[in-house]
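All of the numbers you see were taken from the coordinates with simple rules; none came from a lab. Source: prediction; values computed, not measured. Note that each Cβ is placed from the backbone with ideal geometry, even for glycine, and that neighbours are counted across all protein chains shown.
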Amino acid sequence: MHMADALLSPAVGGTLWAATSGTIAYCSRKVKQDLDDRKVPLMGVLGAFIFAAQMINFTIPATGSSGHLGGGMILAILLGPYAAFLTMASVLTVQAFFFADGGLLALGCNIFNLGFFPCFVAYPLIYKKIVGDNPGEKRILLGAVVAALVGLQLGALNVVLETVASGISSLPFTTFVLLMQPVHLAIGLVEGLVTATVVLFVWKSRPEILELTAEARPFGTLPIRKVLVGLLATAVVTGGALSWFASAHPDGLEWAIQGVTGREELDAPEHGVHGWLAGLQESLAFLPDYGFRTTSAGPEPEVATTGAEAWPAVDAGTSLSGLVGGVLTLALAAIVGLVLKRRAQPGRSRERTSN
């Protein structure tokens, strides 16, 4: 559900950049209250895990489309809504700047659509209400699935509204929304099941993480090494090898666009803000589309064609992208956490002194 710049006008893209920036600033202030030495590495490792998980598109049967994990609910349940939003922003920023996944003008929209609704609507108003004060396997499963469905439906609807409000594409609201919502309902079901699986792993390993996160309390001296190692190992395997098994079908957004226009992607204006940002992204993305850069110099090598792309798509560029992207996301999310933690320390010191 990563939007491209071709769907957005500068006015809409800029407005969502401002809204997202304001939300990041607000979350940064809130995160200082419960950030400690345990939550900072968890932010980084979860960011790497979500980056890797988003590389795997899964086929939606009988549609010719695919979907991928959003990850907002996993982050919100394990980190709380504020740290989760900052971590999601880290994931999508790395994807946009270094892998050309999602446009730079659209980055504010993508962070908002994939971060705001799971963190600030689905998590507090649905998941927490269903799970309650006594989490169990059935409650966590039900809460994760329902919350993921709602969060993704709201995000998909917002994509439609942002696109139509921009007015630079020929995508009509009714047709577009009737394609977007059902396919993302199916994607949301898979996301809910994956979310429940990850959350249940953490709950069985360290149930205190869910309890402290729900109460917005610091982790203190809680040992979470087992959780960190498990998530990090999964991120490495997913990004380095399981990413070869990603579906070749267009994702839900591309599928919906194709259903309206006959093409998976629309052409963005070549001049103005669109052209400048496209040039900037091209210069920064050293592994565009999660693979090595291709050059047009010299004749292309002759390859045997079979009429269909090989699957799994074993590719060194994909593996490198998964590993490098995970490291970059881990580093960015951890740096954000460390900076916020350091800024919060003087206030905590004064509070302890006054007591």
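Would you calculate the separation in nanometres between label points at Ala18 and Leu185, each defined as 7 Å from the Cα along the Cα-to-beta-carbon direction?
Going from the Ala18 label point to the Leu185 one covers 3.6 nm.
GNM on the chain, C-alpha springs below 10 Å: top fluctuator among Ser28, Ser205, Ser321?
Sorting by GNM fluctuation, first place goes to Ser205.
What percentages make up the Cα-Cα pair-distance distribution of region 119-177 when the bins are 10 Å wide from 0?
23, 35, 21, 15, 5
Under a Cβ-Cβ cut-off of 12 Å, what is the net charge of the residues other than Gly108 that fall near it, where Lys and Arg count +1 and Asp and Glu count -1? Let's see the in-between values first.
Details: positive: none; negative: Asp5, Glu162.
Result for the local shell: -2.
Running a GNM on the chain with Cα contacts under 10 Å, which residue among Thr20, Thr294, Thr175 ends up with the highest mean-square fluctuation?
Of the options given, Thr294 has the highest mean-square fluctuation.
Choose one of Ser90, Asn57, Leu152: the residue whose Cα lies farthest towards the positive end of the charge dipole of region 1-157 (beta-carbon charges +1 Lys, Arg; -1 Asp, Glu; about the Cα centre).
So the residue furthest toward the plus end is Leu152.
From the residues Ala285, Ala246, Ala268, which one has its Cα farthest along the dipole of region 215-287 in the positive direction, the dipole being from +1 and -1 charges on Cβ of Lys/Arg and Asp/Glu about the Cα centre?
Towards the positive end, the residue furthest out is Ala246.
Tell me, in nm to one decimal, what length is gained between Phe286 and Leu200 on full extension, where the rule is 0.36 nm per residue of separation less the Cα-Cα distance?
Numbers: separation 86, 0.36 × 86 = 30.96 nm, distance 3.62 nm.
Gain on extension, Phe286 to Leu200, equals 27.3 nm.
Could you list which residues have their amide H under 5 Å from that of Ser66, counting only those 5 or more apart in sequence or on another chain, with H placed in the peptide plane?
Long-range HN contacts for Ser66: Ile60, Asp251, Gly252.
Relative to 2.2 N^0.38 Å, what does the C-alpha radius of gyration of region 131-242 come to as a ratio? Two decimals please.
Working: Rg = 18.3 Å, N = 112, 2.2 N^0.38 = 13.2 Å.
The reported ratio for this selection is 1.39.
Ordered by residue, what ³J(HN,Hα) values in Hz, to whole numbers, does region 197-213 give under the Karplus form 6.51 cos²θ - 1.76 cosθ + 1.60, where θ = phi - 60° and Gly and Pro are x?
Ordered by residue, 3J(HN,Hα) equals 4, 5, 5, 5, 4, 5, 4, 6, 7, 9, x, 4, 4, 5, 5, 5, 5 Hz.
Just how far, in whole angstrom, is region 51-121 from region 1-45 if you go by their alpha carbon centroids?
Cα centres, region 1-45 to region 51-121: 11 Å.
Taking every pair of distinct Cα atoms and averaging 1/r, then inverting, what Kirkwood hydrodynamic radius in Å comes out for region 1-73?
Working: mean 1/r = 0.0648 Å⁻¹.
Hydrodynamic radius (Kirkwood, Cα pairs) of region 1-73 is 15.4 Å.
I'd like the orientation of helix 39-53 relative to the chain: the angle between its Cα long axis and the longest Cα principal axis, in ° from 0 to 90, rounded to 10.
20 degrees
Just to check I understand the Karplus step: with θ = phi - 60° and J = 6.51 cos²θ - 1.76 cosθ + 1.60, what whole-Hz values come out for region 232-238, glycine and proline as x?
5, 4, 5, 4, 5, 5, 5
On alpha carbon coordinates alone, what is the Rg over Rh value for region 199-298, Rh being the Kirkwood radius?
Working: Rg = 21.4 Å, Rh = 18.6 Å.
A ratio of 1.15.
Please report the net charge: other residues with Cβ closer than 13 Å to the Cβ of Pro250, K and R +1, D and E -1. Before the final figure, lay out the partial values.
Working: positive: Arg263; negative: Asp251, Glu254, Glu264, Glu265.
Summing Lys and Arg as +1 and Asp and Glu as -1 gives -3.
Contact order normalised by length for the chain, with contacts defined as Cα pairs under 8 Å and 6 or more residues apart; what percent is it? Walk me through the intermediate numbers first.
Working: 571 pairs, mean separation 110.2, N = 355.
Relative contact order of the chain: 31 percent.
What FRET efficiency do you get for Asp133 and Ala316 if R0 is 56 Å and r is their Cβ-Cβ distance, rounded to the nearest 0.05?
Rounded to the nearest 0.05, the efficiency is 0.70.
If you bin the C-alpha pair distances of the chain every 20 Å from 0, what whole percents do you get?
30, 58, 12, 0
Note down the magnitude of the dipole of the chain about its Cα centre, charges +1 on Lys and Arg C-beta and -1 on Asp and Glu C-beta and zero elsewhere, to the nearest 20 debye. If you can, show how the numbers build up before the last one.
Working: 22 positive and 25 negative charges, 424 e Å.
Here the chain has a charge dipole of around 2040 debye.
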